[in-house]
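See structure below.
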Amino acid sequence: MTTLNIDHVSRWFGNVVAVNDITMTIGPGVTGLLGPNGAGKSTLINMMGGFLAPSTGTVTLDGEQVWRNERIYRHIGIVPEREAMYDFLTGREFVVANAELHGLGDKAAQRALATVEMEYAQDRKISTYSKGMRQRVKMASALVHDPSLLLLDEPFNGMDPRQRMQLMDLLRRMGDEGRTVLFSSHILEEVEQLAAHIEVIVAGRHAASGDFRRIRRLMTDRPHRYLIRSSDDRALAAALIADPSTSGIEVDLAEGALRIQAVDFGRFTAVLPRVAREHGIRLLTVSPSDESLESVFSYLVAA
Amino acid sequence: MYDPTVARLTYRGLLGRRRALILCALPVLLIVISAAVRGFTGADDQVASDVLGGFALATMVPIIGVIAGTGAIGPEIDDGSVVYLLAKPLKRPTIIFTKLIVAIAVTMAFSAVPTFIAGLILNGNGQQIAVAYTVAALVASIAYAALFLLLGTVTRHAVVFGLVYALVWEALFGSLVSGARTLSVQQWALAVGHKVTGGDLVTSDVGLPTATVLLIGVTVLATWYAGQRLRSLTLAGEE
């Protein structure tokens with residue numbers, strides 16, 4: 001049972017605060033570190049992995065300092081976001097080298113390659129690998145010493161859906177085995193599919209923590225704004241405002257559309273098509289106007 | 001202190017096709033020049049000393065040192081692949097020491113060996129000139145490798161700074177300002193070379209005791225500091 005403790009950690013680069021007073025505990029199972037691009041996820045993961053000193057605060061693994069402590073890597077497996085990985089080696093040579101650096105041999109390397117199902121391409125040069133294959137070989141190199149903590153920085157970036165599913169299955173299995181698995185992502189759906197527990201980082205701050213469903217509800221229960229065009233905007237507006245799921249409607253004459261604020265997301269999505277059908281109105285455009293991740297995250301911070 | 005896996009990865013990286021071609025270019029040029037000089041002027045001790053001192057030791061050895069020393073670690077730090085070495089229960093000084101050994105071996109192989117061959121071609125090792133410059137190149141290889149390895153951990157522009165040091169400081173200032181000659185790996189190496197020949201064909205502005213102390217001091221200090229640099233090397237995020 002491995003627990004990673006982040007205690008009042010901040011990190012700044014000159015005048016820029018990348019991570020701002022974050023405290024969290026990462027325990028066994030799969031945890032998703034969620035946040036928009038530039039939120040400070042990579043900086044935080046680098047501090048968790050001992051590649052960056054916190055400006056203040058401490059990062060400990062089962063009570064042991066992570067920064068400047070090489071011994072800690074007996075327990076940590078790291079899958080970095082960056083692509084570079086000794087491209088002149090074959091996949092097998094790369095994983096064997098990683099095993100040797102842990103004082104292990106070919107056997108451990110072969111087992112790790114089998115775990116990520118890369119034996120079929122193990123004798124090809126890494127430079128010829130696709131993004132997904134690289135990611136799997138990186139995984140193998142991180143798993144070679146059977147670590148109890150696995151840190152993955154944006155592991156699904158650039159992977160096709162099939163590769164994504166495979167990696168998700170693998171990480172799920174690792175979590176079920178009792179390992180502590182932490183991965184970062186800026187894509188809500190990825191985190192939703194994989195992690196029961198999530199930590200949300202926005203603009204360097206710890207915005208939310210806990211069960212995914214609770215945070216998802218927070219996200220979905222926020223007021224949603226929609227831009228809607230229909231065959232009869234005013235009739236549709238009149239019908240919708242009568243329903244409690246809608247808190248405000250503006251007729252945007254310039255756009256020739258309705259701007260609607262819905263306070264009950266679930267109910268509104270059911271009411272809208274029903275009302276339109278009952279009144280014989282055709283819906284031409286229904287588009288969420290504030291669905292960017294940033295707006296979702298900003299709402300979380302305010303919540 | 002020495003890790004064979006780190007060494008293997010470093011050798012493979014250093015002797016990749018493109019870098020190996022660059023490493024071979026100068027030694028081949030030295031041997032071609034030596035053969036041409038021998039063909040035109042015959043075996044002349046002074047000419048042999050001029051070619052080996054002016055081109056081999058003053059230009060080729062430091063440039064090979066820059067390529068091998070910075071190339072042993074710089075590219076891995078630049079592209080981030082060094083993370084695969086750092087994320088291991090491996091002491092950082094062990095990584096540096098191993099890379100230093102590799103950089104020294106490569107610098108020696110690509111500079112001292114061709115220097116000896118060129119010396120044999122130029123005057124058949126008359127007055128021990130080939131041996132003297134080979135010993136000087138071997139000694140210089142150690143100090144250059146350590147200095148430029150350190151440079152590789154300090155700056156992303158290690159090759160540029162290395163070349164500026166090798167060509168501007170050692171070659172240009174060294175020939176204009178006498179004080180600069182005292183702080184020159186080339187002069188320290190020449191002092192050792194002078195000891196080998198004993199004659200006036202290989203001379204140095206620095207005495208052997210001073211040169212020995214400076215060579216050892218610079219090598220040890222640079223290696224130690226490179227280890228410290230790697231211990232506190234931070235891999236900033238891509239954000």
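FYI, it's all coordinate maths here, none of it is from the lab. For clarity, every value in this text was computed on a predicted model and none was experimentally measured. Quick reminder, even Gly has a Cβ in these numbers, built from the backbone with ideal geometry, and neighbours come from all protein chains shown.
The calculated P(r) of segment B:93-181, using every Cα pair and 5 Å bins from 0, goes 3, 14, 16, 19, 20, 16, 8, 3, 1 in percent. Label sites at residue B:50 and residue A:259, each approximated as a point 7 angstrom past Cα along Cα to Cβ, lie 8.4 nm apart.
Listed by chain and number, the aspartates and glutamates placed with their C-alpha closer than 18 angstrom to that of residue B:91 are A:64, A:70, A:100, B:3, B:76; residues fewer than eight positions away on the same chain are left out. Distance between the C-alpha centres of segment B:166-215 and segment A:71-137: 47 Å, rounded to the whole angstrom.
For residue B:31 and residue B:208, the difference between the fully extended length at 0.36 nm per residue and the C-alpha to C-alpha distance is 60.8 nm. Eigen-decomposition of the gyration tensor built on the alpha-carbon atoms of chain A gives equivalent ellipsoid semi-axes of 45, 23, 16 angstrom, largest listed first.
Coordinate range of the alpha-carbon atoms in chain B per principal axis, descending: 61, 37, 30 Å. Placing a label point 7 Å from the Cα of residue A:21 along the Cα-to-Cβ line, the residues of segment A:183-208 whose backbone N sits under 11 Å from it are A:206.
Dividing the convex hull volume of the alpha carbon atoms of segment B:123-235 by its residue count gives 106 Å³ per residue. Gyration tensor analysis over the Cα atoms of the protein assembly as shown returns equivalent ellipsoid semi-axes of 63, 24, 21 Å (largest first, whole Å).
Normalised radius of gyration (Cα atoms, divided by 2.2 N^0.38 Å) for segment A:152-250: 1.53.
Taken along its three principal axes, the alpha carbon spread of segment B:36-100 comes to 58, 21, 15 Å, from the longest extent down to the shortest. For segment B:134-192, what are the per-bin percents of Cα-Cα distances with bins 5 Å wide, up to the bin holding the maximum? The percentages, shortest bin first, are 4, 20, 25, 25, 19, 7, 1. If R0 is 45 Å, the Cβ-Cβ spacing of residue A:270 and residue A:128 corresponds to a FRET efficiency of close to 0.35. If R0 is taken as 25 Å, the Cβ-Cβ distance between residue A:119 and residue A:172 corresponds to a FRET efficiency of 0.70.
With Rh defined as the Kirkwood radius, the inverse of the mean 1/r over Cα pairs, the Rg/Rh of segment A:1-111 is 1.01.
Restricting the calculation to Cα atoms, segment A:83-149 yields a radius of gyration followed by a Dmax of 10.5, 31 Å. Remark: spin-label model distance residue A:71-residue B:1 equals 2.3 nm, labels positioned 7 Å along the Cα→Cβ axis. Coordinate range of the alpha-carbon atoms in segment A:138-202 per principal axis, descending: 31, 25, 19 Å. Rg ratio for segment A:30-189: its Cα radius of gyration over 2.2 N^0.38 Å, N being its residue count, equals 1.01.
Of all lysines in the structure, those lying under 24 Å Cα to Cα from residue A:41, and not within fewer than 8 positions of it along the same chain, are A:131, A:138, B:88. Between segment A:1-67 and segment A:157-229, the alpha-carbon centres lie 18 Å apart. Taking Cα atoms only, the orientation of helix B:92-107 departs from the longest principal axis of chain B by about 30 degrees.
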